[in-house]
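Trainee: The structure that follows is given in the form of structure tokens.
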Amino acid sequence: MPPAARRPLLAGLAALLLPVARPALGQAPGMGGGAGGAPTGTGQALPPAATPGEWRLGALFPFTGPFALMGDEAYRGLEMAADERNEAGGLAGRQIRLLRGDASDQTQAVSEVRRLTSGEGRVACVFGTAVSALALTASQVTEALGTPYFELGAIADALTGRGARYVFRSCPRATDFGRLSVDAVADHLAPAWKADPRALRITILAEDGPYGQSVAAAQEDRLRARGIPLAARLAFPSRTTDLGTLLGQLRAARAEVVLHSAYPGDVVPFFRAMREARWQPRMVIGAGGAYSLSDTARSLGNEIEGVMNVDVTPFATEEAAAPGAGLFAEAYKRKYGAEPRSGHSLATYAGAAIFLEALGRASSAEKERLRAAVLATDLPEGKAVTGWGARFDESGQNTRARPLLAQWQDGRLVTVAPAVAAAGKLRGGFGAVRTAPP
């Protein structure tokens, strides 16, 4: 990738972060030393990743199995951030080497973390994973080992809600997704239908893992807070084949709006089952995951037209609200020979750039020093390519990351709210029903 395509993004981020964050590093315990980053007076040797040769960083994603498409797309954002850093001179004068770990399920996530963090080639920290169940399992192991873990895409609230000291997340939480999906109904969809949101039959349909249930709990809380009745809350195991029962329950609940939290492998069968049953609600609103993937859209064709989604920043977002997203898409296409498959790569690129910047400022992978660098990060909102900022609370959560409301329109996932980010106007129906009935 030509340097000109990358460096404007990185240089802008570095200029914003460095003047604010560097002074705070001097206050962290056990710090000091020269450019090599070795703590003085502690007698501690730096981890292998901080040798003069290179930084070894773990990249733990599902590269095989049911989450492989989403995992590979997420990994590409990390890879682009690392490549960009290397072209700009690396971190503290050392090049980055990503060591991949394939976490196709929770058992493999554990074994891959142990492999990456042991032996002579052990990594300085682990980046992952885009899937909440995998992230929760992997980060539990890294925390016990004292290895910093950086999550770029998994959203379950529990990840940064367990009191872990060395787990950090750059993307929004499930709570943010749940709240926005309910607000989308109350503030955008109901007015488009000229309906009272309290009169709508809203149903929550969520996979039964930590991702889906975190989003569902936030949706239920938000509905209650806004005085909107919940028609039904249904859970299902990912990749279930019992879709007939689920559709029967939705029909029995007279669902008009279905808030659907689902992984790849669940969305297309759900729509096919609706087609076969000759029934559909007035609107389906996804919560990230499979609803953002271009592969899902290609599989469903016109059936996905008008479907809404709450997720990380889509590429069809007003440029002022996602500065550099267009440049990223162009660079992605040059590197991989195809358009990005979803905004997941953009989100992981943004998060990885933020964490790599902190790692470079720390000049060390010593866990307390790196924690101090992350907590000292202060990027104003609107400055990352996703439109986010970066400020981490004591739990390790980025408090300046926000999801957006989008809709599939004419084959593209287009941001429709908030207005400052909107690249299109909300449409009132989906599939065969393009506008709200009178």
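The values are calculated or read from the model by the stated rules, or taken from the named source; none is laboratory data. In this text the structure is predicted, and so the values were computed from the model without any measurement. With ideal geometry, Cβ positions are generated from the backbone for all residues, glycine too; neighbour counts draw on all protein chains shown. Side chains are part of the model used for accessible areas, which takes the heavy atoms of the whole protein and leaves out ligands, DNA and RNA. Shrake-Rupley method; radii C 1.70, N 1.55, O 1.52, S 1.80 Å.
Trainee: Please state, to two decimals, what the Cα-based radius of gyration of the range 356-395 comes to when divided by 2.2 N^0.38 Å (N = residues).
Mentor: Numbers: Rg = 10.8 Å, N = 40, 2.2 N^0.38 = 8.9 Å.
Scaled against compact globular proteins, the figure is 1.21.
Trainee: Let me ask another. Rounded to whole Hz and in sequence order, give me ³J(HN,Hα) for the range 56-72 from the Karplus expression 6.51 cos²θ - 1.76 cosθ + 1.60, θ = phi - 60°, writing x for Gly and Pro.
Mentor: Whole-Hz 3J(HN,Hα) from phi for the range 56-72: 9, 10, x, 10, 9, 9, x, 8, 10, x, x, 9, 4, 5, 5, x, 5.
Trainee: Any idea what diffusion coefficient the chain gets from Stokes-Einstein, in µm²/s, Kirkwood Rh on alpha carbon pairs, 10 °C, 1.306 mPa s?
Mentor: Details: Rh = 22.0 Å.
Calculated translational D: 72 µm²/s.
Trainee: Using a Förster distance of 35 Å, how high is the FRET efficiency between LEU327 and SER299, based on the Cβ-Cβ distance and rounded to 0.05?
Mentor: Numbers: r = 29 Å, r/R0 = 0.83.
Rounded to the nearest 0.05, the efficiency is 0.75.
Trainee: Right, here's the next one. HN-Hα J couplings of the range 118-128 from phi, Karplus 6.51/-1.76/1.60, θ = phi - 60°, integer Hz, Gly and Pro as x?
Mentor: My calculation for the range 118-128 gives 10, x, 5, x, 4, 8, 6, 7, 10, 9, x Hz in order.
Trainee: Sticking with this structure for a sec: If each residue of separation counts as 0.36 nm, what is the full-extension length gain between ARG198 and THR399 once their alpha-carbon separation is subtracted?
Mentor: Details: separation 201, 0.36 × 201 = 72.36 nm, distance 3.03 nm.
Full extension of this stretch gives 69.3 nm more.
Trainee: Report the full-extension gain for the segment ALA68 to GLN106: residue separation times 0.36 nm, less the Cα-Cα distance, to one decimal in nm. Intermediate values should be presented prior to the final figure.
Mentor: Working: separation 38, 0.36 × 38 = 13.68 nm, distance 1.38 nm.
12.3 nm is the gain from fully extending ALA68 to GLN106.
Trainee: Stretched out fully, how many nm does the piece from ARG162 to GLU276 gain, at 0.36 nm a residue minus the Cα gap?
Mentor: Details: separation 114, 0.36 × 114 = 41.04 nm, distance 4.29 nm.
Fully extending the segment from ARG162 to GLU276 adds 36.7 nm.
Trainee: Would you pull out the residues with amide H under 5 Å of LEU405's amide H, same chain only if 5 or more places away, H placed 1.01 Å from N?
Mentor: Counting only residues 5 or more places away or on other chains, the set is VAL416, ALA417.
Trainee: Can you tell me the FRET efficiency between GLU54 and ARG254 if r is taken as the Cβ-Cβ distance and R0 is 60 Å, rounded to the nearest 0.05? Walk me through the intermediate numbers first.
Mentor: On the way: r = 60 Å, r/R0 = 0.99.
Here the calculated transfer efficiency is 0.50.
Trainee: OK, next. Taking amide hydrogens as modeled 1.01 Å from N in the peptide plane, which residues meet the under 5 Å criterion relative to ALA316, leaving out close sequence neighbours?
Mentor: The list, which skips near neighbours in sequence, is THR415.
Trainee: Next question. I want to check the label-to-label distance for ASP208 and SER118. Put each point 7 Å from Cα in the C-beta direction and report it in nm to one decimal.
Mentor: According to this spin-label approximation, the distance is 3.3 nm.
Trainee: Could you tell me the ratio Rg/Rh of the range 271-396? Both radii from Cα atoms, Rh via Kirkwood.
Mentor: Reported Rg/Rh, Kirkwood definition of Rh: 1.09.
Trainee: Consider a paramagnetic label point 7 Å from the Cα of ASP242 along Cα→Cβ; state which residues of the range 185-229 have an amide N under 17 Å from it.
Mentor: Flagged as within label range: 205-209.
Trainee: Moving on to the next point. Compare the peptides 176-185, 233-242, 327-336 by average per-residue count of other Cβ atoms within 10 angstrom and give them in order, highest first. Could you put the intermediate results ahead of the total?
Mentor: Details: 176-185: 24.0, 233-242: 14.7, 327-336: 16.7.
Descending packing order for the listed peptides: 176-185, 327-336, 233-242.
Trainee: A further question on this structure: Please determine, in degrees from 0 to 90 and to the nearest 10, the orientation of helix 325-336 with respect to the longest principal axis defined by the Cα atoms of the chain, where the helix direction is its Cα long axis.
Mentor: 80
Trainee: To make sure I understand the rule: partners must be lysines, Cα under 23 Å from the Cα of LYS425, and not fewer than 8 residues away in the same chain. Which ones qualify?
Mentor: Straight-distance partners of LYS425: LYS194.
Trainee: What relative contact order, as a whole-number percentage, does the range 284-354 give when Cα pairs under 8 Å and 6 or more residues apart are counted? Kindly include the intermediate steps, with their values, before the conclusion.
Mentor: Values: 57 pairs, mean separation 22.9, N = 71.
Once normalised by length, the contact order is 32 percent.
Trainee: Ranked from highest to lowest mean number of other Cβ atoms within 10 Å per residue, what is the order of the peptides 293-302, 137-146?
Mentor: Highest to lowest by the protection proxy: 137-146, 293-302.
Trainee: Near LYS335, which lysines are there with a Cα under 29 Å away, not counting those fewer than 8 places off in the same chain?
Mentor: Counting by Cα, and skipping residues close in sequence, LYS335 has these lysines nearby: LYS383.
Trainee: Could you give me the ³J(HN,Hα) list for the range 344-357, computed from phi with Karplus coefficients 6.51, -1.76, 1.60 and θ = phi - 60°, whole Hz, x at Gly and Pro?
Mentor: After applying 6.51 cos²θ - 1.76 cosθ + 1.60, I find 4, 5, 5, 5, 6, 4, 4, x, 5, 4, 5, 5, 5, 4 Hz.
Trainee: Quickly rank 161-173, 262-274, 343-355 as a protection proxy: mean count of other C-beta atoms within 10 Å, highest first. Walk me through the numbers before you get to the answer.
Mentor: Details: 161-173: 21.2, 262-274: 19.5, 343-355: 29.2.
Ranking, from highest mean packing down: 343-355, 161-173, 262-274.
Trainee: Given a 1.4 angstrom probe, I'd like the percentage of the accessible area of the chain that is carbon and sulfur, rounded to a whole number.
Mentor: Numbers: 8220 of 16310 Å².
Percent of accessible area from carbon and sulfur atoms in the chain: 50.
Trainee: Out of all Cα-Cα pairs in the range 79-198, roughly what percent, to the nearest whole number, are more than 21 Å apart?
Mentor: Working: 3631 of 7140 pairs.
Result for the distance tail: 51 percent.
Trainee: With the other protein chains left in place, how much accessible area per residue, in square angstrom, belongs to the chain at a 1.4 angstrom probe?
Mentor: Numbers: 16310 Å² over 438 residues.
Computed with neighbouring chains in place, this is 37 Å² per residue.
Trainee: Kirkwood hydrodynamic radius (Cα pairs, Å) of the range 66-122? Walk me through the numbers before you get to the answer.
Mentor: Working: mean 1/r = 0.0775 Å⁻¹.
Hydrodynamic radius (Kirkwood, Cα only) of the range 66-122 equals 12.9 Å.
Trainee: Suppose R0 equals 25 Å; then what is the FRET efficiency for ASP187 and GLU319 from their Cβ-Cβ distance, rounded to the nearest 0.05?
Mentor: Numbers: r = 24 Å, r/R0 = 0.96.
FRET efficiency, ASP187 to GLU319: 0.55.
Trainee: Shifting gears a bit: Can you give me the relative contact order of the chain as a percent, contacts being Cα pairs under 8 Å and 6 or more apart?
Mentor: Working: 946 pairs, mean separation 86.6, N = 438.
Relative contact order comes out at 20 percent.
Trainee: Collect residues whose amide H, placed 1.01 Å from N in the peptide plane, falls under 5 Å from the amide H of PHE236; neighbours closer than 5 in sequence don't count.
Mentor: ALA206, GLU207, ASP208
Trainee: Remind me, relative contact order of the range 345-433 in percent, using alpha carbon pairs under 8 angstrom and six or more residues apart?
Mentor: Working: 95 pairs, mean separation 12.8, N = 89.
Computed value for the range 345-433: 14 percent relative contact order.
Trainee: Moving to a separate point now. Kirkwood Rh over alpha-carbon pairs of the range 222-288, then Stokes-Einstein at 25 °C and 0.890 mPa s: what D in µm² s⁻¹, rounded to an integer? Kindly include the intermediate steps, with their values, before the conclusion.
Mentor: Values: Rh = 12.7 Å.
Reported coefficient: 193 µm²/s.
Trainee: I'd like the orientation of helix 243-252 relative to the chain: the angle between its Cα long axis and the longest Cα principal axis, in ° from 0 to 90, rounded to 10.
Mentor: Relative to the chain, helix 243-252 is tipped by roughly 60 degrees.
Trainee: Who wins for biggest fluctuation among ARG427, ARG275, ARG341 in a Gaussian network model of the chain, springs between alpha carbons below 10 Å?
Mentor: ARG275
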